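The values are calculated or read from the model by the stated rules, or taken from the named source; none is laboratory data. Here the structure is a predicted model, which means the values were calculated and not measured. No Cβ is skipped: glycine too gets one built from the backbone with ideal geometry, and neighbour counts run over all protein chains shown.
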Amino acid sequence: MTTPLQDTPNLGAEALLAGPEPSRPGARTPRRRSRTAASERRSPLAAVVRWIALGATALVMLVPLYVLVISAFKPQEEIVRHPLEISPGTFTFEFLWNAITSSKFNVIAAYGITLLFVALVNLFCILLSAPVAYVIARGRRKWHMALLLLFVSGLFIPGQVTLIPVVFVLRVLGLINTIPGFILFETAATLPVTIFLFSAYLRTVPRDIDEAAALDGAGRIRIFWSCVFPIMRPVVATVVVLNSIGVWNDFVSPQIILGPGSGIYTVTTGVYAAVGEFSTDYTVVFPTLLLAIAPIVVFFIIMQRHIIGGLVAGATKG
């Protein structure tokens with residue numbers, strides 16, 4: 001007669017003879033653990049290399065900005081002899097004040113005109129691009145994709161190439177050297193990238209929102225502006241930042257479309273008018289440039305998180 005203990009198999013011996021238990025799907029094996037440990041051992045070196053590369057890139061980009069800022073408060077001789085140094089004895093706000101009160105460059109007027117252009121271009125661009133992107137994103141036919149490709153193809157055409165035909169068309173319409181003509185051109189130039197970003201973001205917005213609003217009796221226009229457009233705030237902020245920087249920094253378009261004869265100066269064209277073509281007076285050049293770039297640099301620092309947030313929000317389809 002056997003006892004229960006005698007009937008119990010020797011699990012320890014059988015386990016040794018059978019070898020390791022087969023791994024389950026998703027279970028971490030010793031090989032994977034070894035690879036992870038090896039990558040963790042290599043990560044400090046990779047982190048050091050990465051930080052060195054990022055530091056070198058930041059240094060290359062920040063040194064010119066540093067020279068520009070400190071040179072705006074130094075006399076001509078110090079700028080030439082010691083471009084990277086600044087001493088309390090030579091630090092002065094005189095040259096910056098002279099640039100602010102200069103008769104050649106009215107800073108307040110240039111800021112006001114440029115901000116007006118930025119606001120109007122953003123307004124018209126969003127009003128035109130958002131419905132178009134909504135139709136493209138919600139469409140299921142081939143012509144919707146063809147329409148998107150048509151707009152995106154505008155990204156591959158340099159803006160300088162279109163200036164001559166644009167000037168010809170605006171002259172025929174009587175809009176050359178006028179504010180409406182310039183706003184019309186800048187709005188058209190911002191449409192391709194705006195429609196591309198809007199349509200990519202709208203593809204992540206569930207169609208259930210449209211269907212629920214339609215069941216409540218809302219039309220297509222009301223569905224978009226009342227239900228869908230408020231969800232687009234991240235990508236709208238991204239578009240506003242990108243378009244604002246582009247319009248603020250644009251020099252060629254206002255110089256040609258508005259022209260010196262119109263008497264309308266943006267920040268960039270005002271700097272060109274104040275500095276002059278052959279000017280070497282650095283006490284005028286650097287303070288004027290600092291006044292031109294300071295607002296947009298501050299604006300970018302404050303709004304940079306919206307750029308990443310808007311782009312990442314439309315990166316994956318939900």
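Observations on the model:
- Output for the range 140-161, where each listed residue is touching a helix residue (DSSP H, G or I) at 6+ places or on another chain (Cβ under 8 Å) and part of a loop (DSSP other than H, G, I, E, B): G159, Q160
- Selection from the range 168-220 of residues that are charged (D, E, K, R) and in contact with a helix residue (DSSP H, G or I) (Cβ under 6 Å, 6 or more places away or on another chain): E186, R203, D210
- Number of the exception - I136 against (1) within 21 Å of the chain's Cα centre (by Cα); (2) at pLDDT 90 or above; (3) β-branched (V, I, T): (1)
- Only a single criterion out of (1) under 30 Å from I264 (Cβ atoms); (2) outside any helix (DSSP H, G or I) is not satisfied by N122, namely (2).
- Residue list for the range 105-144, filter: over 26 Å from P295 (Cα atoms), surrounded by 13 or more Cβ atoms within 10 Å (Cβ to Cβ) and either free of Cβ contacts under 8 Å to residues at least 60 places away in the same chain or acidic (D, E) (or both): V135, G139, H144
- Among residues of the range 67-88 that are within 12 Å of V285 (Cβ to Cβ) and in contact (Cβ under 8 Å) with a residue 24 or more places away in the chain, those with a beta-carbon under 6 Å from a residue that is surrounded by 17 or more Cβ atoms within 10 Å (Cβ to Cβ) and among the β-branched types (V, I, T) at least six positions away or on a different chain give the pairs S71/I79; Q76/T283.
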